[in-house]
Amino acid sequence: MGLAAEDDCVGVPMLNSLFSGIEDRRDEMIALRRELHAHPELAFKESRTAARVASMLESAGLDVRTGVAGTGVVGVLRGARPGPAVMVRADIDAIAVDEANEVPYRSQTPGVMHACGHDGHTAIAAVLAGLFAAHRSEIGGSVVFAFQPAEEAVSGALPMIEAGTMDDPRVDCVIGLHLWNEAPVGRVGVRAGPLFASADEITIEITGRGGHGAVPHRAIDPIAAAAYAITGLQTLVSRETAPLDSAVVTIGSIHAGTAFNIIPERVEMRGTVRAFKEEVREHTLRRMREIVSQTAAALRAQATINSRFGCPPVVNDAGVTETVRQAAVEAVGPEAVFESDPTMGSDDMAYFLQRAPGCYFVVGSRNEERGLTGAHHNPRFDFDEEAMVVGARVLAAAAVRLLGR
């Protein structure tokens, strides 16, 4: 599907050529995705993936940096004329999951799987880099293709930024996509404002005094203190978060004790705090410390609370998001574009969006008829590869618009 040659349509000839190129390289993009899927690599171990991407970028004539933040790759396409710099970000890592799918491209690495679509993100961006390189003479500005490691560990974006990924050229705006099995293939979700939540990890240790279960008055029971603390933490959402705001406080792990009749010395709990607003995030973390420490003290125990900051919320810029929405309408038609719901999941795309205005959008990849319905991070996750064509079209249209073509 090409673009109508309307006067107000930006970069029609170039974009129609890009759309044709995406269709021509459809099989290559799918083959690359399947190759990456069969050879998944965990955070900061993506050496094979990085080498494959770097080779493609170098063959296309981009300026390529490897070893960025360990295993990241950056390819810069400098146009023939001055202009803005647009970053296209793709994440490249897999997760520690044993794949349960019986497909020809099944993971060949036990215990590691592309269960979140990053193989698709990488294939889309790598192919698009080659297609844009063929139009270098028509481009005013630059396109920076950033292939980021360690998104699943929410620890790859910030080191890439610190390594200068956004500095030469100075990035003016950032775009990226996430294949999304929550929506049917062919649909594109775009939303201004918060899209993904912040994510922080909490470790709590409550220490009492061990003793015999038959004489609890001679002990200080850390399990009882932990139980009261967990109950108290739930009021942070129900009673301390404004009804029109959102937050999550989850204790997902609790370990204590060795026998049914022994009061243990200590309890360890681990959990997560998530929010869409920084002020809600900060308040929740501060009050969590107060509730846990004071509840433990009231029951004669002591508490230690440690936070490991994950990443801030993903917040889309209104102006860039509107440009991406228009691009999505051009790429797939207005009936396929919807306003996506925010999710309490997290993504360290957030750090790039803190440094430059941008838009992170979702591309439906679910196909009920083919049984491609597995949730993200599930051992049966897989997606309809037609979603990659849709995503590539939207990214191409958005980049062309943002370059001002």
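The values are calculated or read from the model by the stated rules, or taken from the named source; none is laboratory data. What you are looking at is a predicted structure, and each value in this text was computed from that prediction instead of being measured. Every residue, glycine as well, gets a Cβ built from its backbone with ideal geometry; the counts of neighbours run over all protein chains shown. Just so you know, the surface numbers come from the protein's heavy atoms only, side chains and all, with ligands and any DNA or RNA stripped out. Shrake-Rupley method; radii C 1.70, N 1.55, O 1.52, S 1.80 Å.
Taking the conditions exactly as written (on the phi > 0 side of the Ramachandran plot and either part of a helix (DSSP H, G or I) or under 17 Å from the mean Cα position of the chain (by Cα) (or both)), does Phe132 satisfy them or not?
Details: on the phi > 0 side of the Ramachandran plot: no; either part of a helix (DSSP H, G or I) or under 17 Å from the mean Cα position of the chain (by Cα) (or both): yes.
Answer is no for this residue.
In the list Val86, Val127, Val73, which residue meets the criterion of being within 25 Å of Leu403 (Cα to Cα) and touching a Cys at 6+ places or on another chain (Cβ under 8 Å)?
Being within 25 Å of Leu403 (Cα to Cα) and touching a Cys at 6+ places or on another chain (Cβ under 8 Å) holds for just one of Val86, Val127, Val73, which is Val86.
Any residue in segment 40-59 that is more than 26 Å from Met349 (Cα to Cα) and at pLDDT 95 or above?
Checking segment 40-59: at least one residue is more than 26 Å from Met349 (Cα to Cα) and at pLDDT 95 or above.
Consider segment 153-181. How many of its residues are outside any strand (DSSP E or B), surrounded by fewer than 24 Cβ atoms within 10 Å (Cβ to Cβ) and more than 14 Å from the chain's Cα centre (by Cα)?
Residues that pass the stated criteria total 10.
Glu35 - would you say it is surrounded by fewer than 17 Cβ atoms within 10 Å (Cβ to Cβ), touching a residue at least 40 places away in the same chain (Cβ under 8 Å) and either out of contact with any Gly (no Cβ under 7 Å at 6 or more places or on another chain) or hydroxyl-bearing (Ser, Thr, Tyr) (or both)?
Yes: the conditions hold for Glu35.
Could you check how many residues of segment 248-286 are in a helix (DSSP H, G or I) and either without any contact (Cβ under 8 Å) to a residue 24 or more places away in the chain or surrounded by fewer than 17 Cβ atoms within 10 Å (Cβ to Cβ) (or both)?
First, the residues of segment 248-286 that are in a helix (DSSP H, G or I): 278-286.
Restricting the remaining residues to those that are either without any contact (Cβ under 8 Å) to a residue 24 or more places away in the chain or surrounded by fewer than 17 Cβ atoms within 10 Å (Cβ to Cβ) (or both) gives 278-279, 282, 286.
The total comes to 4.
With respect to Thr231, is the statement that it is over 30 Å from Glu339 (Cβ atoms), assigned to a loop (DSSP other than H, G, I, E, B) and modelled with pLDDT of 95 or more true? Steps first, answer last, please.
Working: over 30 Å from Glu339 (Cβ atoms): yes; assigned to a loop (DSSP other than H, G, I, E, B): no; modelled with pLDDT of 95 or more: yes.
So Thr231 does not fit the description; no.
For the subset of segment 182-193 comprising residues that are open to solvent by less than 50 Å² (accessible area, probe 1.4 Å) and part of a strand (DSSP E or B), which member is farthest from Ala392 (Cα to Cα)?
Step by step, filter segment 182-193, then rank; the result is Gly193.
Under 7 Å between Cβ atoms, which residue pairs at least 6 apart in sequence (or on different chains) link something in segment 111-123 that is within 10 Å of His37 (Cα to Cα) with a partner that is β-branched (Val, Ile, Thr) and assigned to a strand (DSSP E or B)?
Met113/Ile95; Ala115/Ile95
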